[in-house]
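The structure appears right after this line, and notes come after that.
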Amino acid sequence: MSGPGSPSPLDPASAESRAKQITVLADPVRLRLLSILATDPDRSWNVDDLGAELEIDVSSVHEHLIVLEAAGLLVPRPGATSPQLIPSAEAWVRFGRLLVGKPAYVQVNHDGGEVVSTDALPSPIQRIADRLAYRFSAHFSRETVDRYVAESYQLLLTRAKTTRHLPSLTSRFASDRLGALAAAQGFDLTGVPEVLFVCVQNSGRSQMAAGLLRTIAGQRVHVRTAGSQPADTIDPVVVEVLGEIGVPTVAEFPKPLTDEVVQAADVVITMGCGDACPVYPGRRYMDWKIRDPLGHPIEEVRRIRDEIRAHVQELMTSLDLR
């Protein structure tokens, strides 16, 4: 029997959508194509390069790209000056483990099953796993904690421009994911609403909304953010305009959208990422039509900030937090 906040079975529409995507990915060429784009998402791949990599003709590449995009597994790269496709958030959330080869920390045991070995991870990441295993020992096995730490490290590593701050970011990301998993499974009932803000890069709109809600509501709400295609850092102009009104961002960073943070949320608010979020019954979904502040002058970003603040105040009223 499912407990409060635990995952629910798929509804018919979601099951049909995923079955179609599984059928699309049953073609090994399409699976390899999506894998190539997933493992090097920052490269501007063209059809000639993809054809050479897959050893197929350009027309076939075009056909496979069309099928993958129609299935919701590829989306246009935000802000690209020429047409470029990258894996969608759905592709990552639903099929991420299929798209990359086994990292060194994934080993095969004597029964043929896969296990995570933290011995293959850098020593700072091993220490993070040790610390979080102790912290979450009341809720999760050591194997679960090891897997989440390793996955969090890998998700951040694949997009990192530098590894200097990777251990501290991995610690915070893995801790937040495990906290979300605990909330989703009913282990950690804080008694306050869980709100998730999602935008494309998790560097502008979602960070502004989260910072404003945390500052105004305080401990009366728990807030998380994520991005369907997270940037490297929060937009400096966003940091500046939030700082002007006393909203701190120093502890925040763009994070990939993962399944458990959606499961943990009571309210999921999207801003510009369309259908990127997986849908679970029992959650309240809202879409705020907010302009992306990236590239705009500071005066315009201030207006966007104030527009988001008005939405946040309306949200607080709806959550009875005023």
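The values are calculated or read from the model by the stated rules, or taken from the named source; none is laboratory data. Worth saying up front: this structure is predicted, and the values here are computed from it rather than measured. Every residue, glycine among them, receives a Cβ derived from its backbone with ideal geometry; neighbour counts consider all protein chains shown. Each accessible area value is taken on the protein alone, full model and side chains, heavy atoms only, with ligands, DNA and RNA left out. Shrake-Rupley method; radii C 1.70, N 1.55, O 1.52, S 1.80 Å.
Solvent-accessible surface of region 222-322, averaged per residue with a 1.4 angstrom probe and all protein chains in place: 45 square angstrom. The distance between label points at Asp57 and Ser44 comes to 2.8 nm (points 7 Å beyond Cα on the Cα→Cβ vector).
Ordering Trp92, Trp288, Trp45 by how much accessible area each has at a 1.4 Å probe, largest first, what is the list?
Values: Trp92 70, Trp288 10, Trp45 40 Å².
Final ranking, largest accessible area leading: Trp92, Trp45, Trp288.
Quick one: pull the percent of accessible area on region 142-213 belonging to carbon and sulfur, 1.4 Å probe, ligands and nucleic acids left out.
Details: 1290 of 2530 Å².
Answer for region 142-213: carbon and sulfur cover 51 percent of the accessible area.
Spin-label model, Arg131 to Met286: label points 7 Å out along the Cα-to-beta-carbon direction sit 3.4 nm apart. Mean projected area of the convex hull spanned by the Cα atoms of region 141-196, taken over all viewing directions: 4.6 nm².
Between Asp27 and Thr233, what length in nm is gained on full extension when 0.36 nm per residue of separation is reduced by their alpha carbon distance? This chain segment gains 70.6 nm when fully extended.
Histogrammed with a bin width of 10 Å, the alpha carbon distances of region 217-265 distribute as 21, 45, 31, 2 percent, first bin at zero. Counting only aspartates and glutamates at least 8 places from Lys161 when in the same chain, those with an alpha carbon closer than 15 Å to its own are Asp40, Asp42, Asp232. With the highest mean first, a sort of the peptides 239-248, 140-149 on other beta-carbon atoms found within 10 angstrom per residue produces 140-149, 239-248.
Hey, what's the Cα Rg ratio for region 189-322 versus the globular rule of thumb, 2.2 N^0.38 Å?
On the way: Rg = 13.6 Å, N = 134, 2.2 N^0.38 = 14.1 Å.
Taking the Cα Rg and dividing by 2.2 N^0.38 Å, one obtains 0.96.
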